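The values are calculated or read from the model by the stated rules, or taken from the named source; none is laboratory data. Owing to the predicted nature of the structure, the values given are computational and were not obtained by experimental measurement. For the accessible areas, the whole protein counts, side chains as well, though only heavy atoms, and no ligand, DNA or RNA atoms are used. Shrake-Rupley method; radii C 1.70, N 1.55, O 1.52, S 1.80 Å.
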Amino acid sequence: MTSHQLRLTLLSALVSGVIVLCNTTINLRVPSLVVYHQIGTPEVASLVLSAMQLIGIVAGISFATMVGIFKGRLLTIVGICFGLGLILIGLSQNIWFLGVSTLFAGFTYSTSLTTVFHVLSEKIPLHQVNQAVSITVLGCSGGASITTFVLSFIGGLSSDPIFIFSVLGIMMMGMAIISHFITKEEHASR
């Protein structure tokens, strides 16, 4: 791998790690958010999370259209929208707003993670795509594995759900802006 390709791969691993960390946070914190605001039961929270997973199907079906419309800006746009979705989840005070916010976050999560791998397949030479994808998958696993530590750190500053989700939303938006450099760089020759 050239230094450019390695930098692209490592940046993709970092971005995907943050994406997965934020999604894991949703799965861990939405049930407690429902109980915290007394807006439903754990069963209702489970339904909200199930719907969030199912919206990924819609994201998959619409992915090619979105790539066609937004082209190289897709990762930046959906990353910022995912960050906004996280903040909206934190602001949720009723089950309907939480449901819509979680669906929005689920759609943008699925689209942003798919876009990371799409960009790799487009910009890394064919004979090195497997290596780049493996490194990026390690980033995903790393993001999932550090979620509880990150939540403990943020929770040490404030346990208020709006604070936790806002910090993660801003972090995701920052990663989306950084991801602009992933998609902006010229295609590596195949």
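Key figures
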read-out: Distance cut-off 17 Å, percentage of C-alpha pairs in the range 119-183 lying past it; value: 57
read-out: Accessible-area order (highest first, 1.4 angstrom probe) of the listed residues C81, C140; value: C81, C140
read-out: The range 57-190: relative contact order as a whole-number percent, Cα under 8 Å and 6+ apart; value: 43
read-out: Heavy-atom surface of the chain, accessible at 1.4 Å and reported per residue (Å²); value: 48
read-out: Per-residue ³J(HN,Hα) for the range 157-164, Karplus 6.51 cos²θ - 1.76 cosθ + 1.60, θ = phi - 60°, Hz, x for Gly and Pro; value: 7, 6, 8, 5, x, 5, 5, 4
read-out: Taking all pairs of distinct alpha-carbon atoms in the range 1-105, Kirkwood radius in angstrom; value: 15.2
read-out: Equivalent ellipsoid semi-axes - Cα gyration tensor, the range 87-132, angstrom; value: 35, 7, 6
read-out: Per principal axis, descending, Cα span of the chain in whole Å; value: 55, 35, 23
read-out: Note, ³J(HN,Hα) from phi for the range 52-60, Karplus 6.51, -1.76, 1.60, rounded to Hz, x at Gly and Pro; value: 4, 5, 5, 5, x, 5, 4, 4, x
read-out: Surface accessible to a 1.4 Å probe, H118 within the full protein complex, Å²; value: 60
read-out: Of all accessible heavy-atom area on the chain, the percent that carbon and sulfur account for (1.4 Å); value: 71
